[in-house]
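Before we start, here is the structure in question, set down as structure tokens.
The values are calculated or read from the model by the stated rules, or taken from the named source; none is laboratory data. Remember, it's a predicted structure, so these values are computed and weren't measured experimentally. Using ideal geometry, Cβ is built from the backbone for each residue, glycine included, and neighbour counts are taken over all protein chains shown. Accessible surface areas use protein heavy atoms only, side chains included; no ligands, DNA or RNA. Shrake-Rupley method; radii C 1.70, N 1.55, O 1.52, S 1.80 Å.
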Amino acid sequence: MNWRVLVTCPPMIMTLDECQERFQQEGFDVHVPQFEQQMSEADLCNLIADFDGVIAGDDPFSAKVLKIGRQGKLKALAKWGIGVDAIALDAAKELGIFTSNTPNVFGDEVADVALGYTILIARQLHRMDAAVRHGQWLKIQGTSLRGKTAGVIGVGSIGKAIARRYRVLGMEVLGYDVFPIDSAFCEETGVQSVDLQTVFQNSDCITLACNLTPENHHLLNPDAFGQMKDGVWIVNVARGPIIDESALVEALTSGKVGAAALDVFEHEPLAVGHPLTQFEQVICGSHNSSNTREAVLRVNQLAVDNLVRDLNRAAAGETP
């Protein structure tokens, strides 16, 4: 059977040539639209009805988009990656559209970036590199990580991998999650399972590794920053809207937050001249922490597997 498939995931698009044999095998007629980080709701509305399935990035698959898609050909949406916060899951189920994601696939990759960001903050290697390239011989007194306390918010597969790396560095690790943290993991690693207030009050570095939900939107807000140590570091490899960026700007200005490394932002790509780019102590990424060749090729196959399964289920008359 032939299927028209829309692909909107940037890492998959960058490796599309290596997917062609699988696409042909599965009967996929693949379309890749023009966009930067993600498609807009309006653009999705204009074309979604023409496709049987989607391999999606972080695009806004709202109830409106899904309804238009279902009025056309749309049967299945396969999320490339973990986060499904941009998909109206309840609407998809009501409309009879199959949805899937690829959980537990980026733990090491994202944890490596979180660790890298933490070391950059501690030792300012990026600033020394920039200085040397401009003929300067910058000497920065850094901060030792051994003995410092790291708070990890979200202790799933990614958070666990981050916590393990911090422990290897000799850091104490406080873990918070809305679900109980595996006691065997805590016993093995020495991670302490604590409440959110304890993380805020006792951490020298707070790293976000949780899913975005309605409940944790702007979790790091003025009240949260007010509970933290002066000079705390913030590392975000989760989702941008978990941080109230206006409150973060104020906390950076006052010195409450000493440094921040942000792989994600409330609105992406980050606008030129955004206030966060004016701080020397802020490191900005491009929502790229999961993007290694090995991980991308692995997740490409999983996403295609999910889409094939769900398109076949739809063709057989099954419902989500």
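So what's segment 164-238 giving for Rg/Rh, alpha carbon basis, Kirkwood Rh from the mean inverse pair distance? The partial results should precede the final answer.
Details: Rg = 12.6 Å, Rh = 13.3 Å.
Rg/Rh: 0.95.
While we're looking at this one, here's another question. Once you've got the Cα coordinates, tell me which of K139/K256; K148/K256; K73/K93; K93/K160 are over 20 Å apart. Working shown, then result.
Working: K139/K256 24 Å; K148/K256 17 Å; K73/K93 15 Å; K93/K160 31 Å.
Violating the 20 Å limit, Cα to Cα: K139/K256; K93/K160.
Once amide H atoms are placed 1.01 Å from N in the peptide plane, what residues at a sequence separation of 5 or more from F265, or on another chain, have their amide H within under 5 Å of its amide H?
G240
Based on alpha-carbon centroids, what's the gap between segment 14-32 and segment 79-107 in Å, whole number please?
21 Å
Compute, for the chain, the length of the dipole vector about the Cα centre, with Cβ point charges of +1 (Lys, Arg) and -1 (Asp, Glu) only. Units Debye, rounded to 20.
Details: 26 positive and 40 negative charges, 101 e Å.
Here the chain has a charge dipole of around 480 debye.
Let me ask something else. Considering only protein heavy atoms, what per residue accessible area in square angstrom results for the chain with a 1.4 angstrom probe? Intermediate values should be presented prior to the final figure.
Numbers: 15180 Å² over 320 residues.
In whole numbers, the chain has 47 Å² accessible per residue.
Continuing with the same structure: Picking from V168, F179, S254, whose Cα lies most toward the positive end of the charge dipole for segment 168-264 (charges on Cβ: Lys, Arg +1; Asp, Glu -1)?
S254
Tell me, what ³J(HN,Hα) does each residue in segment 163-172 have, in order and in whole Hz, if you take phi through Karplus 6.51 cos²θ - 1.76 cosθ + 1.60 with θ = phi - 60° and put x for Gly and Pro?
4, 4, 5, 4, 5, 4, 6, x, 8, 7
Right, another one. Assigning unit charges at the beta carbon (Lys, Arg +1; Asp, Glu -1) and nothing else, what dipole magnitude in debye, to the nearest 20, does segment 200-251 show about its Cα centre? Kindly include the intermediate steps, with their values, before the conclusion.
Numbers: 2 positive and 7 negative charges, 34 e Å.
Dipole of segment 200-251, to the nearest 20 debye: 160 debye.
Report the extension gain between E18 and D85 in nm, rounded to one decimal, defined as 0.36 nm multiplied by the number of residues separating them, less their alpha carbon distance.
Value of the extension gain: 21.3 nm.
What 222 nm value per residue comes from the helices of the chain, counting each DSSP H run with n ≥ 4 as -39,500 (n - 2.57) and dividing by all residues, nearest 500 deg cm²/dmol?
About -11500 deg cm²/dmol.
Any chance you could check the Cα centroid distance between segment 191-241 and segment 266-317 for me, in angstrom?
Rounded to whole Å, the Cα centres lie 22 Å apart.
The chain: longest stretch without exposed chymotrypsin sites (Phe, Trp or Tyr not before Pro) (DSSP loop, at most 15 other Cβ within 10 Å), sites themselves excluded?
Working: sites that count: F35, W137.
No qualifying site falls inside 138-320, the longest such stretch.
Near the amide H of K79, under 5 Å away, which other amide H atoms are found, from residues 5 or more places off or on another chain, if H is placed in the peptide plane?
A56, S100, N101
For the chain, take the longest principal axis of its alpha carbons; what is the angle in degrees between that and the long axis of helix 245-254, to the nearest 10 within 0 to 90?
For helix 245-254, the angle is close to 10 degrees.
State the percentage of accessible surface on the chain attributable to carbon and sulfur atoms; use a 1.4 Å probe and exclude ligands, DNA and RNA. If you can, show how the numbers build up before the last one.
On the way: 7380 of 15180 Å².
Exposed carbon and sulfur together represent 49 percent of the surface.
Just to check I understand the Karplus step: with θ = phi - 60° and J = 6.51 cos²θ - 1.76 cosθ + 1.60, what whole-Hz values come out for segment 210-224, glycine and proline as x?
For segment 210-224, the Karplus curve yields 9, 5, 7, 9, x, 6, 10, 4, 6, 4, 8, 10, x, 5, 5 Hz.
Here is a further query. Could you point to the residue in Q227, L115, T143 farthest towards the positive end of the chain's charge dipole, with +1 and -1 charges on the Cβ of Lys/Arg and Asp/Glu respectively?
Of the options given, the answer is T143.
Okay, next question. Taking square-rooted eigenvalues a ≥ b ≥ c of the alpha carbon gyration tensor, is segment 28-85 rounded, prolate or oblate, where a/c under 1.5 means rounded and, failing that, a/b exceeding b/c means prolate?
Working: a/c = 1.25, a/b = 1.21, b/c = 1.03.
Judged from the Cα gyration tensor, segment 28-85 comes out rounded (a/c under 1.5).
Toward the positive end of the charge dipole of segment 131-232, about the Cα centre and with charges on Cβ (Lys, Arg +1; Asp, Glu -1), which of T198, G154, A131 goes farthest?
The residue sitting farthest along the positive end of the dipole is A131.
I'd like the Karplus ³J(HN,Hα) series for segment 122-134: coefficients 6.51, -1.76, 1.60, θ = phi - 60°, whole numbers in Hz, and an x wherever there's a Gly or Pro.
Result, ordered by residue: 5, 10, 6, 5, 5, 6, 5, 4, 4, 5, 4, 5, 9 Hz.
List every residue whose amide H lies under 5 Å from the amide H of L74, counting only residues 5 or more places away in sequence or on a different chain, with H placed 1.01 Å from N in the peptide plane.
F51
Moving on to the next point. How much solvent-accessible surface does V272 expose, in Å² to the nearest 10, with a 1.4 Å probe and all protein chains in place?
150 Å²
If ligands, DNA and RNA are left out, what is the accessible area of S246 with a 1.4 Å probe, given in Å² to the nearest 10?
Counting only protein heavy atoms, S246 exposes about 80 Å² to solvent.
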